[in-house]
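Notes to accompany the following structure.
The values are calculated or read from the model by the stated rules, or taken from the named source; none is laboratory data. These numbers were taken from a predicted model, which means no experiment stands behind them. So basically every Cβ, Gly included, is an ideal-geometry build from the backbone, and we count neighbours across all protein chains shown.
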Amino acid sequence: MKKTILASIVILLLIGCTGMAKHRRYIRDGVLFSGLNQFAFVKEWGVADKQGTWTEEGGQYRIAIGWRGGGVNVGGRRRAFNDVWVYYKQNKILFFSNYSLIAYSNWDEYQKMEREREELPSIMK
């Protein structure tokens, strides 16, 4: 029985390692898509230059970059912890949920879009 359990653990570890290796290869080749493991980015690109969190409330997203904690409290309830990572050298902003990539953008384009969004209300007045 112990041998069976040990063999199962070894097989699962090998499967997990090959999956991570695939993710790392995709990242190395610049092929980004949803579902890539967050830790594969650390292995390939190192620690992000900036880290933060994002939350969703009523269809609106709020991003806090440069702040890192054990979760986000909104309305007195503890919410899911989601990561935002920025890599300057790769010009990427990455959005993770449950350790998986869910979205990404070029950092320059993202900053431009945010500046335009902030300028829009003043134009509309």
Inset, instruction - Output the residue which, of all residues in segment 78-109 that are farther than 16 Å from GLY46 by Cα, surrounded by fewer than 16 Cβ atoms within 10 Å (Cβ to Cβ) and not charged (D, E, K, R), is modelled with the lowest pLDDT. - result: ALA80
Inset, instruction - Write out, first by first residue and then by second, each pair whose Cβ atoms fall under 8 Å of each other, whose residues are 6+ apart or on separate chains, and whose first residue, in segment 19-41, is under 19 Å from ASN98 (Cα atoms) and in contact (Cβ under 8 Å) with a residue 24 or more places away in the chain while the second is surrounded by 13 or more Cβ atoms within 10 Å (Cβ to Cβ) and of a type in the set (Val, Ile, Thr). - result: SER34/ILE102; LEU36/ILE27; PHE41/ILE27
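Within the group ILE63, ILE27, which residue is modelled with pLDDT of 90 or more and either closer than 23 Å to ARG117 by Cα or of a type in the set (A, V, I, L, M) (or both)?
Values: ILE63 fails: modelled with pLDDT of 90 or more.
Every option except ILE27 fails the conditions.
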